[in-house]
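The values are calculated or read from the model by the stated rules, or taken from the named source; none is laboratory data. Note that the structure is predicted; figures quoted are calculated from it, not measured. Here the Cβ is made from the backbone with ideal geometry for all residues, glycine too, and neighbour counts use every protein chain on show. These accessible areas exclude ligands, DNA and RNA; they are computed on the full protein's heavy atoms, side chains included. Shrake-Rupley method; radii C 1.70, N 1.55, O 1.52, S 1.80 Å.
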Amino acid sequence: MKRVLVLMPLLISIYSNAQVICGTADEGGVVTLTAPPGNIFVSIEFASYGTPNGSCGSFTIGSCDAANSVSICSTAFVGLNSASISATNGVFGDPCGGTFKRLYIQARYSTSLPLTLTSFTARNTGSNRVQLDWSSDNEINVSHFEIRRSTDDFSFETTASVPAEGFGRHNYSFMDTISATATSYYYQLKIVDADNKYRYSKIIHISNVTRGIKLSVFPNPANNLITITGMKAGEIFIENMAGQTIKKMTILNDRITIDISEWNPGIYFIKCADDAVKFIKM
């Protein structure tokens, strides 16, 4: 009796080329990227959850693309030696309902960050103005910093550009004008090199303190436990991307820790009073 060997296609594939590593997964799969020992991921050069095309080094965006793909993957990978992310609507949203999607990622790794952000903070100065301060070290080949802002931690827009000072260590400040009606703002720096390559900083959250709201969650993304701070006494709701309430609690102080280890991977929203914050369950 002859044995028939059937080769099944893998849902996840990894490719490496010099300082670049790529990963792909069909919808429902997981992309895991691991840099060589002693290296960390410094930027996400391409990411698309939808219908991307091409191969490692020449990925292209298809007719369906989640616009938040690069931002979410940057949050998940940059600064780490190894990380994973699920190719699901729960993580990226559904950019094209009814279409079977896939996730393509191209990441660059290095033994050290070309630029190190030693600090990045936001401070509400009153009169609907937020002061952003950041400090850099080892500033080599950096062109400028783009200030990206969001009110929902999902859709970011570039509001300003600050030229880089050049080689060395520098401190920067920028004053941003905010809306009097918005309760929360999220900020992120896009660090652009002279050759137009770029990477993102961590995302920081600030509330409109004139409204007395300072809701935040950490770590983010998270696997097991999250800690929520800045709440007012009362009810707190946690919703999934479909708007379904999956947890409702009454809290008495401004801090609580929740076990999310059994939750499905995806994006969740924590709502308290008139503030909200988003976090990713890995």
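When LEU113 is tested against (1) modelled with pLDDT under 95; (2) within 18 Å of ILE61 (Cβ to Cβ); (3) among the hydrophobic types (A, V, I, L, M, F, W, C), only condition (2) is not met. Taking the stated definitions as given, is ALA25 modelled with pLDDT of 95 or more, touching a helix residue (DSSP H, G or I) at 6+ places or on another chain (Cβ under 7 Å) and open to solvent by less than 50 Å² (accessible area, probe 1.4 Å)? Taking the combined requirement at face value, the residue does not satisfy it. Of the candidates SER84, SER69, SER119, the single residue that is within 22 Å of SER143 (Cα to Cα), of a type in the set (S, T, N, Q) and open to solvent by less than 60 Å² (accessible area, probe 1.4 Å) is SER119. Going through region 55-66 one residue at a time, which ones are open to solvent by 50 Å² or more (accessible area, probe 1.4 Å) and in a loop (DSSP other than H, G, I, E, B)? Within region 55-66, SER55, GLY57, SER58, ILE61, SER63 qualify.
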